[in-house]
Each structure stands twice: as C-alpha cells, then as structure tokens.
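Peer 1: Shown below is the structure under consideration.
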Amino acid sequence: MLEIKDLHATVGDKEILKGINLTIKAGEIHAVMGPNGAGKSTLSYVLAGREGYEVTSGDVLYKGENLLDLSPDERACRGIFLAFQYPVEIPGVASATFLKTAYNAQRKFRGESEVDAMEFLKLVREKTKELDIKDDMLKRAVNVGFSGGEKKRNEVLQMSLLEPDLMLLDETDSGLDIDALKIAADGVNRLRSPERAGLIITHYQRLLDYIVPDFVHVLADGKIVKSGDKSLALELEEKGYAALSAA
Amino acid sequence: MAIARETVEQVNSVSDKYKYGFFSDIESDTAPIGLSEDIVRFISAKKEEPSWLLEWRLKAYRHWLTMIEPEWANVHYPKIDFQDIYYYSAPKQKDKPKSLDEVDPELLEVYKKLGIPLKEQEVLAGVEGAHNVAVDAVFDSVSVATTFRERLEKEGVIFCPISEAVRDHPELVQKFMGSVVPYTDNYYAALNSAVFTDGSFCYIPKGVRCPMELSTYFRINAAQTGQFERTLIIAEEESYVSYLEGCTAPMRDENQLHAAVVELIIMKDAEIKYSTVQNWYPGDENGVGGIYNFVTKRAACRGDNAKVSWTQVETGSAITWKYPSCILQGDNSVGEFYSIAIANNMQQADTGTKMIHLGKNTSSTIISKGISAGKAQNTYRGLVRMGRKAANARNHTVCDSLLIGDKCGAHTVPYIENQSRTATVEHEATTSKVSEEQLFYCQQRGLSEEESMALIVNGFCKEVLQKLPMEFAVEAQKLVGISLEGSVG
C-alpha cells in the first residue's frame, strides 16, 4: 500500500528525515517509535503533504501512485487520514458541520452522491455511540475548548467516519488517560481489516498493548535504525532509546 | 453544511470572476451628463414631483455646493469628477408597465440571472430560489417592479417605489423624509437629496406585523451612471418588519458612484430588522473599476421600547464608506449592529456604526467581523455616545478582525463619548490570522484549499450570519467564499 524509498526531507534549512525506507502492505499495522526530535511527526506530515515539509530526495508510492505529486486534500480523498498530535481549533464551525463537509467532499471525490443532513446525522450517531462520545461534542466548534482527551477522541471519530485506507496516527496516546486510550485504540481496531493499513507513531509502548502492531520500527536521527516485531517495543520500554542509539 | 463546497462549485461555474459582471443591453432614457440646477429640475420633472420636493432638492443641491468631500476615512481614491457622471438613467419604457408582462423581457432576463423572481406566480409556484418575499427591483435609478403589493395592502402595509409614495402618500413622505438624515448631514447625503431618483418606501401601520420579508434589489447597469437611491421605512407603534436589500453591478473599468440614503423611523414598541447583502462590483485584482459605495444609513428609535437591528454583509465595492447608525431616543430602546465586511485584492472598506444613546435604559450591541485579504485595507470605525440623560444605558462592542496573507491591513477606530454617570460601555477587540495549520487540518480531511478557507471564514463570521434571515444566510455564506476567491495560495 505504501512504499517509502530513501526519503529525505527538510523543514526550513534543517534536514530532518535522512533516508527513510519503509514498506507497509495492506492489512498491516506498523508502529514507529523513537526519542523526541527523531523525525516521527515530520514523517507523518510529509506523508500527509503539509506545506513547509520539503522532500529533497526519495520516493513515496501509495497504491502504486507517486504520492508526493498530490495535494493534501487529494491525498485525503484517496484514503490517507492523519490523526493529529495537536488537533487544530476552528472557531465557529460546529464539529458536525466540519465532519459533514469533509465526508461529502470525499464522497464527491469518489463520484458518490452527497448525503443530506438527516442521513449524515444518523451515520455519525452510530459512530459516536460506538466510541462512547457524547453527541453534545458535535454541536461544539471543532476542538475549541476541548480537553486533550476530547480532541483525540474527535480525531478518532473523524477517522471512523471517513474510513481511510491508510491511517496515520501521530502520538494519539499523548495526553490520554487509560480509559480514553482504550476508546481510541478500539476505534483503530474496529477499522483494522485486510484492505487497510496503519502507521502508528508513538513515544511509549503503552498504546501498543491495545493496538497490537505487526511491525515495530525505531526512528532515530531521521533514520530507521532497527525494525522488529511487537517484542521490540517491549525491549525499548525496558532499556530505553539511549541503549539502542549507543549500540 | 455543504456551503463551502457549493461555494466553490459556484465559483468554478462562473467563468468571469464576478458572477454579476454581465451588463444588459437595455435602452435607457438618460439625462445629459453632469450636475447643475437644471439637472435637479430635470430629474424632478421626469418624476412629475410636487413643488415642495423640487424645492427641497434645490436646497440640498445649493447646500451641497458649499460642502467639501469628507477626507477623514481611511480610504484613498482619485478625486471624483461630479460633472462626469450621469445622474439619471432609466430603462426606456413608453408607458409605465401595468403588469410584469409589459416589462422589457430583457430586463426580466437580468433579474432571472440574478436569481430574483419577479413574477409572483413563479414565486408562488416555487420556482427554484424563490422565497416568499415581496420584492422591489430598482434598476439603475428607477424602480421597475414591486411584487405582492395587493397582499400587503390588505394588512395596510405600503411597500412601493419612493417616487410612487411621493405621488400617493405625500403626507407621509413629506413628514418623514430627511427627518433622520437631513440634507445638511454630510456631503453624500446632500448630493443624494438633490439627485435621488428612486428607492423603496415602506410603511407599517400601528400594530401590524408585516406578513412577509420585504426586499429590494438594486442594480446599476448603465455606464458612467451614479445610483442615488433613497429608502424610507416607517414602523408605527407596535409594528414589525424585516427588510432585506441586495445589490449588484456589472464589471466596468471605470469607477461608479453609489450614494444612497436610508432612513428608518421606529415608534414605540416597534421593531425594524434591516439586512443588507452588498455585492457591488469590487473592481479587478489590480484595483481597476468598481463601485464607490458612499452610503448614509440611520435609524431613529423615536418611542419607548423601540428596536432596530442592522445586519450587513459587505463583500463588494471598490470602496465602502458606510456607518449604519442608531439614535436611541425612546427609553429602553435597543440598537444592534451586526456586520461582516470583507475586503479582498485592492478593496478598501471603512465601515462601522454610531450608537447614540439619548433615552434611559437604552442598550446597544455591536458585533463587527472584518476580513482582509490580498492587499485590502479594512477599517472598523464606530462611535458610542452616551448622552447626559442616558441613565443606565449599556453598550457592548465586539470587534474582530481576520487577516488572510501578509499584505492586507485591519484597523479598528472606536470612539467612545460618555456623559452619563450610570452608563456602561464595553469594548472587546481581537485580531487573528487564518493559520496554515487550520488550512492544512481542513485539507487533510479532504477539503480543497478554497473550501477550507470558506469554511474557516464562515466560522469566523458565524455570529453575524446567524442574524440574517434564513434565505439570505445561505446566500451570504456562499458570497463569503466567492469574495475570497484567489486569496489563498
């Protein structure tokens, strides 16, 4: 589904990604772990196409297409969803409005008819129920005055509704208590299928108790320095990143 | 809300950037160019006006000659040559049409293009976009059609072109015209008083709640023509009316002058809700062409518990100079001003309000949302004055500015004058930018850059958009997106 080849990227003048190689097949969940400043978030932004994150060399193929040629919204409409580490506030825009606009934008991209307000509400209520989210959140402006946990739940709600093919989660676990963490993990697990894939960026292995990855990679100083299975995450938890960087 | 998407579709479907930029080849009856006493007499004669009105016009004209153009506003433009403007242009018509069937089909076509159904049967049959709204259409300087008059007459509501009101209800016009905005008020009000050619008149008798929205659509069509309309609305005791106005003009290289006067009179326990969606041609990206929108709007709450509410969405015009004001004379009277002013490209807007508190326990609310994009300059200018007798008067002002890009400007100029010891005046102001982060967040969910911008800006304007009558709110949301076209990227 996703093939990253020798990817180099800069932010400003600084090279952050220094040759990433990573292949994710449909049905797989990969976790990327690493110390602060290793380039984890940069990787997610580069994949989502954020302005200011410049690819200097390398390729990224998504479903066989050159991903880097596409605008952020084209990537989103083709099934890439990024759950933000710091979800953004949009004052005055009700969450329900935001969700419906996004949902219909993606339907339209696929040549499907747009759903009306009633139909949409029914759909979204199913999802909020599944994720144990209060409907009241839908009326509030997007992320405005949301607690850290609410913001992350809102991300998971959006993801559940948009049903992406490739889920990118950028430190979704940060700022979550254990109950919220379980709900978020549950949202991801519900989407897991042989057709979908996921890339989970996290600092701690805690989240991986709930979303069990097929592969774990360690990112340090812009490169993947070690790959393994779930046990690698446990090893990191025990020994810390320092031991690994030193090795 | 599919608005953001619809907006973009609408933008894309329009090959010209300004949707209303067509001009129609309608034969018009035009006065010689320039301004003189003869022109004032010519206009008055064309309208077959009584002598008192001609006298009033001439007084206004003579007074205008002694005045100088105001220069205090934060707007810049070359001096206007008032002798290079046509002051009268009417769609040519042999006799006044008795019904819409006799109206020039070309003209009906124009209104169709604007999405305004003039035929009542169409409105009633539910033609797309038709609302249950009585419409007065003013084309260049002359009112061409007013719908639903019979139904309104049953309730005693008078809604007609002001030139007709002069003929049929002279006592009302003579009593109230110029009573809120005297011809000595300011340069453009004086000019308007001298040369106004038409506009809407509405009278709501005591105790009547107007059964439908009243609406006037203004359109400037002819080249080099100024539009000087005058609107007069009187709400007698315990009455209510909601009035909407919409404005468009063709794309032309030269600047055109629009200097209107609107007077509202609200008696005891009455309420007027006045909404504007102003979409005059703003000029091109380089600032060529566009309407100079120099308008005086004022409401007088004459009785106790009177209420007036101005809601405006100002997206068009090269230059906007406009301060819809409230004179709160009656005790407990209420004034509200809700404004969205968008300036993109080279547009300049200097707009705001005046709240003059005279009576006891009067209260006013100002919510202003200014959006600047491109190289535009957007100024909020507002006065809150608490008179000596305005015991316990209250004002609350919220003034928010949103910047898109780094070449535009937002300015806030509040004036507060307080002579009342017990009055409360609150002023809040914020300035923010549409962040790259917000745009990216929306795009990451599948919205295009333009859709994202439209969504974010509509969110910023929400409190004001909610104040518009429903039919207008949808239109206004679309317009917000359209007017910001080209402001991203």
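Peer 1: Quick check: anything in segment B:199-210 at pLDDT below 95, over 21 Å from B:Tyr77 (Cβ atoms), of a type outside the set (A, V, I, L, M) and touching an Asp or Glu at 6+ places or on another chain (Cβ under 6 Å)?
Peer 2: yes
Peer 1: Here are some conditions: (1) within 14 Å of chain B (Cβ to nearest Cβ); (2) over 12 Å from the mean Cα position of the chain (by Cα); (3) not aliphatic (A, V, I, L, M). A:Lys134 meets all but one. Which one does it not meet?
Peer 2: Status for A:Lys134: all satisfied but (1).
Condition check ((1) closer than 26 Å to B:Glu451 by Cα; (2) touching a residue at least 24 places away in the same chain (Cβ under 8 Å); (3) touching a Pro at 6+ places or on another chain (Cβ under 9 Å)) across all residues:
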| residue | (1), (2), (3) |
| --- | --- |
| A:Lys108 | yes, no, no |
| A:Gly145 | yes, no, no |
| A:Leu168 | yes, yes, no |
| A:Arg192 | no, yes, no |
| A:Gln205 | no, yes, no |
| A:Phe215 | no, yes, no |
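Peer 1: OK, next. Give, as residue ranges, the helices (runs of 4 or more DSSP H) completely inside segment B:434-489 that count at least 1 residues that are under 21 Å from the mean Cα position of the chain (by Cα).
Peer 2: Of the helices (runs of 4 or more DSSP H) lying wholly inside segment B:434-489, those with at least 1 residues that are under 21 Å from the mean Cα position of the chain (by Cα) span B:449-465, B:470-483.
Peer 1: Are any of the residues in segment A:196-219 assigned to a loop (DSSP other than H, G, I, E, B) and crowded, with 22+ Cβ neighbours inside 10 Å?
Peer 2: Yes, segment A:196-219 contains a residue that is assigned to a loop (DSSP other than H, G, I, E, B) and crowded, with 22+ Cβ neighbours inside 10 Å.
Peer 1: Which of the residues spanning segment A:93-132 are on the phi > 0 side of the Ramachandran plot and not charged (D, E, K, R)?
Peer 2: A:Gly111
Peer 1: OK, next. From (1) open to solvent by 10 Å² or more (accessible area, probe 1.4 Å); (2) at pLDDT below 85; (3) of a type in the set (Val, Ile, Thr), pick out the condition that doesn't hold for B:Thr225.
Peer 2: (1)
Peer 1: Further question: Suppose the filter is within 14 Å of chain B (Cβ to nearest Cβ), crowded, with 20+ Cβ neighbours inside 10 Å and closer than 24 Å to B:Lys433 by Cα; does A:Ser95 pass it?
Peer 2: Here the answer is yes, as A:Ser95 does meet what is asked.
Peer 1: Only one residue in B:Ala376, B:Ala429 is open to solvent by less than 40 Å² (accessible area, probe 1.4 Å) and of a type outside the set (Val, Ile, Thr). Which one?
Peer 2: Just a single option satisfies the conditions, and that option is B:Ala376.
Peer 1: So, restricting to strands (runs of 3 or more DSSP E) that lie completely within segment B:308-426, which ones have at least 2 residues that are over 22 Å from B:Asp185 (Cα atoms)?
Peer 2: The qualifying strands (runs of 3 or more DSSP E) are B:334-343, B:363-372, B:377-386, B:394-403, B:409-418.
Peer 1: Can you say whether B:Thr424 is within 14 Å of chain A (Cβ to nearest Cβ), more than 25 Å from the chain's Cα centre (by Cα) and under 21 Å from B:Phe337 (Cα atoms), as far as the supplied structure shows?
Peer 2: Judged against the criteria, B:Thr424 is not a match.
Peer 1: State whether the residues of segment A:119-127 include one that is within 8 Å of chain B (Cβ to nearest Cβ) and farther than 30 Å from A:Lys223 by Cβ.
Peer 2: no
Peer 1: Another question, if that's okay. Could you tell me which residue of segment A:34-55 is nearest to the other protein chains (Cβ to nearest Cβ), considering only residues that are touching a residue at least 60 places away in the same chain (Cβ under 8 Å) and in a loop (DSSP other than H, G, I, E, B)?
Peer 2: A:Gly39
Peer 1: Tell me whether segment A:158-165 contains one or more residues that are part of a helix (DSSP H, G or I) and either more than 14 Å from chain B (Cβ to nearest Cβ) or open to solvent by 70 Å² or more (accessible area, probe 1.4 Å) (or both).
Peer 2: No: segment A:158-165 contains no residue that is part of a helix (DSSP H, G or I) and either more than 14 Å from chain B (Cβ to nearest Cβ) or open to solvent by 70 Å² or more (accessible area, probe 1.4 Å) (or both).
Peer 1: Could you say whether any residue in segment B:391-411 is within 9 Å of chain A (Cβ to nearest Cβ), open to solvent by less than 20 Å² (accessible area, probe 1.4 Å) and aliphatic (A, V, I, L, M)?
Peer 2: No: zero hits.
Peer 1: Looking at (1) touching a Pro at 6+ places or on another chain (Cβ under 9 Å); (2) assigned to a loop (DSSP other than H, G, I, E, B); (3) without any contact (Cβ under 8 Å) to a residue 60 or more places away in the chain, which one does B:Asn305 not meet, given that it meets all the others?
Peer 2: (1)
Peer 1: Working only within segment B:58-83, note down all residues that are in a helix (DSSP H, G or I) and either touching a Phe, Trp or Tyr at 6+ places or on another chain (Cβ under 8 Å) or open to solvent by 40 Å² or more (accessible area, probe 1.4 Å) (or both).
Peer 2: Across segment B:58-83, the qualifying residues are B:Lys59, B:Ala60, B:Arg62, B:His63, B:Trp64, B:Leu65.
Peer 1: Follow-up question, since we're still on this one. From (1) free of Cβ contacts under 8 Å to residues at least 24 places away in the same chain; (2) part of a helix (DSSP H, G or I), pick out the condition that doesn't hold for B:Leu172.
Peer 2: Among (1) free of Cβ contacts under 8 Å to residues at least 24 places away in the same chain; (2) part of a helix (DSSP H, G or I), the lone unmet condition for B:Leu172 is (1).
Peer 1: When segment B:455-486 is examined, which residues are found to be among the small types (Gly, Ala, Ser) and touching an Asp or Glu at 6+ places or on another chain (Cβ under 9 Å)?
Peer 2: Selection gives B:Gly481, B:Gly486.
Peer 1: On the given criteria, is A:Gly187 touching a residue at least 60 places away in the same chain (Cβ under 8 Å), open to solvent by less than 10 Å² (accessible area, probe 1.4 Å) and under 26 Å from A:Lys63 (Cβ atoms)?
Peer 2: Taking the combined requirement at face value, the residue does not satisfy it.
Peer 1: Which of (1) at pLDDT 95 or above; (2) more than 8 Å from chain B (Cβ to nearest Cβ) does A:Ser113 not meet, given it meets every other one?
Peer 2: Result: A:Ser113 passes all but (1).
Peer 1: Taking the conditions exactly as written (open to solvent by less than 70 Å² (accessible area, probe 1.4 Å) and within 14 Å of another protein chain (Cβ to nearest Cβ)), does B:Ile456 satisfy them or not?
Peer 2: yes
Peer 1: Just to be sure, is B:Glu437 within 19 Å of A:Ala94 (Cα to Cα) and either more than 10 Å from every other protein chain (Cβ to nearest Cβ) or not aromatic (Phe, Trp, Tyr) (or both)?
Peer 2: So B:Glu437 fits the description; yes.
Peer 1: So, one more: For segment A:56-88, give me the residue count where each residue is at the interface with chain B (Cβ under 8 Å from one of its Cβ atoms) and part of a loop (DSSP other than H, G, I, E, B).
Peer 2: 4
Peer 1: Can you give me the number of residues within segment B:255-293 that are at pLDDT below 95 and either open to solvent by 10 Å² or more (accessible area, probe 1.4 Å) or at positive phi (or both)?
Peer 2: 14
Peer 1: Can you tell me how many residues within segment A:14-29 are of a type in the set (S, T, N, Q) and part of a loop (DSSP other than H, G, I, E, B)?
Peer 2: Selection size over segment A:14-29: 0.
Peer 1: Oh, and also: Of the residues in segment B:453-469, how many are among the polar types (S, T, N, Q) and closer than 20 Å to B:Tyr441 by Cα?
Peer 2: 1
Peer 1: Right, B:Ala235: of a type in the set (A, V, I, L, M) and modelled with pLDDT under 80 or not?
Peer 2: no
Peer 1: As an exercise: evaluate A:Arg107 against (1) at the interface with chain B (Cβ under 7 Å from one of its Cβ atoms); (2) part of a helix (DSSP H, G or I) and give the number of the one condition it does not meet.
Peer 2: (1)
One line per residue, one yes/no per condition, for (1) under 30 Å from B:Ile68 (Cβ atoms); (2) buried (at least 20 other Cβ atoms within 10 Å of the Cβ); (3) of a type in the set (A, V, I, L, M, F, W, C):
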| site | (1), (2), (3) |
| --- | --- |
| B:Leu152 | no, yes, yes |
| B:Glu171 | no, no, no |
| B:Ser179 | yes, no, no |
| B:Tyr183 | yes, yes, no |
| B:Tyr188 | yes, yes, no |
| B:Phe196 | yes, yes, yes |
| B:Ile204 | no, yes, yes |
| B:Pro211 | no, no, no |
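The values are calculated or read from the model by the stated rules, or taken from the named source; none is laboratory data. In this text the structure is predicted, and so the values were computed from the model without any measurement. A quick note on method: Cβ atoms are made from the backbone with ideal geometry, for glycine too, and the neighbour counts reach across all protein chains shown. What goes into the accessible areas is simple: the full protein's heavy atoms, side chains included, and nothing from ligands, DNA or RNA. Shrake-Rupley method; radii C 1.70, N 1.55, O 1.52, S 1.80 Å.
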